[in-house]
1. Of the conditions (1) surrounded by 13 or more Cβ atoms within 10 Å (Cβ to Cβ); (2) at pLDDT below 95; (3) polar (S, T, N, Q); (4) not assigned by TED's automatic domain parsing to the domain that holds residue 249, residue 136 satisfies every one except a single condition; which number is it?
2. So residue 74 fits all but one of (1) surrounded by fewer than 17 Cβ atoms within 10 Å (Cβ to Cβ); (2) in contact with a Ser or Thr (Cβ under 7 Å, 6 or more places away or on another chain); (3) at pLDDT 90 or above; (4) among the β-branched types (Val, Ile, Thr); what number is the exception?
3. Name the pairs: first residue in segment 1-19 and more than 30 Å from residue 101 (Cα to Cα), second residue acidic (Asp, Glu), Cβ to Cβ under 7 Å, at least 6 apart or on different chains?
4. Do any residues in segment 130-141 that are in a helix (DSSP H, G or I) have Cβ atoms under 8 Å from those of residues that are surrounded by 12 or more Cβ atoms within 10 Å (Cβ to Cβ) and of a type in the set (Lys, Arg), where the two are at least six apart or on different chains, and which pairs are they?
5. Can you go through 315, 328 and tell me which one is in a strand (DSSP E or B) and surrounded by fewer than 17 Cβ atoms within 10 Å (Cβ to Cβ)?
6. How many residues are closer than 25 Å to residue 63 by Cα and assigned to a loop (DSSP other than H, G, I, E, B) when one looks only at segment 74-99?
Amino acid sequence: MIIKQVPEDFIVQEIPLKEWDDDGPYAVFKLSKTNLNTEQAIDIVARRFHLPQNTIKYSGTKDKHAKTSQYISIPNKTGIINIKLDEKNLKLEHVGYSDGPLSLGTLKGNRFIITVRELDKKEHENLLIRTSKKSSIKIPNYFDEQRFSSNNYNIGLSILKKDYKKAVGYMCESSSVYADTSTVYLAAHPNDYIGTLQHVSKKTLLIFIHAVQSFIFNEALSNILIENALKKGIEFYIIPYSIGRLVFYENYEDYEDLTESLELIGFDTKSLNHHTKQLLEESGLIQRDFIVRALPDLSVEGTIRECFVEVQNLETEIMDDRTILEFELQKGAYATIAVKALFN
């Protein structure tokens, strides 16, 4: 099975929470892009129209290796609604107004149109079984590979353990850019690994901490599913990924009556599921480690994530050389997890 052979094989369209207003203090634009991540596209818009980048707000980031459309907001100043882009890989058009800047709270979800190529016989059979007469299915709400990338978890774990030298080492392994900038800084400031990390953007550093939270969530949910399956004799299968494993049930109905949500652990999390607590100990962490005094912007609060999501309005089109899936997911859910659940 191959996905994302070309960007057009993975189409993502944002679904806003409501219709845009006819007037308001913020102008809303539809941003369509191909082979650019959200930050790259925003940077181009800011430079092209001489806008402060921090005034451009959006509901969520979108993959680089995809064809995506999403909404951005810009303060509604004179002439702003006239800006427009119409280039091969980047388009921008004014679509309405909002009474506030866009944020994750203004996003309902995303619609996906995914082309899957080179299915083997078993994958084809699984798809037919799992989509038979169903337009909506329930799946585990795992974080997928995109969350962990190259060394994200190891860097985040090292920061939380206050081993900043190791964190910088992992960063240098994952990126030649990090390696070059770190080498230059450390040559002038020997052993100042905290200073080295301070030269990395807050947004990037938080990605590393979030990778640790996400790994613990994935493992806790997998353990819950295995424990329940062994107790009740439920059939399940395991799909490995770069730093762990993802557990799925053969029958979607077997996800009923299970824990509805789990902690994304932070320094202020009040109550921990016993699986989460055990994984925290196995990682060599305690809750207080999520307070990073040397890098205070990286001290993260806990939150709650739903354990399961619905793949909604599911449609399939099977052709000789490819299969096209169309479906919707709530914000924060990974389409690649839906693909794994459908075909494996």
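The values are calculated or read from the model by the stated rules, or taken from the named source; none is laboratory data. No experiment lies behind these values; they were computed from the predicted model shown. Please note: Cβ atoms are built from the backbone with ideal geometry, for glycine as well, and neighbour counts cover all protein chains shown.
1. Every listed condition holds for residue 136 apart from (1).
2. For residue 74, the failing item is (1).
3. 1/118; 1/123; 2/118; 3/9
4. Nothing qualifies.
5. Values: 328 fails: surrounded by fewer than 17 Cβ atoms within 10 Å (Cβ to Cβ).
Only one candidate passes the filter, namely 315.
6. 5
Table: residues versus (1) touching a helix residue (DSSP H, G or I) at 6+ places or on another chain (Cβ under 6 Å); (2) surrounded by fewer than 17 Cβ atoms within 10 Å (Cβ to Cβ).
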{"position": "269", "(1), (2)": "no, no"}
{"position": "297", "(1), (2)": "yes, yes"}
{"position": "306", "(1), (2)": "no, yes"}
{"position": "321", "(1), (2)": "no, yes"}
{"position": "339", "(1), (2)": "no, no"}
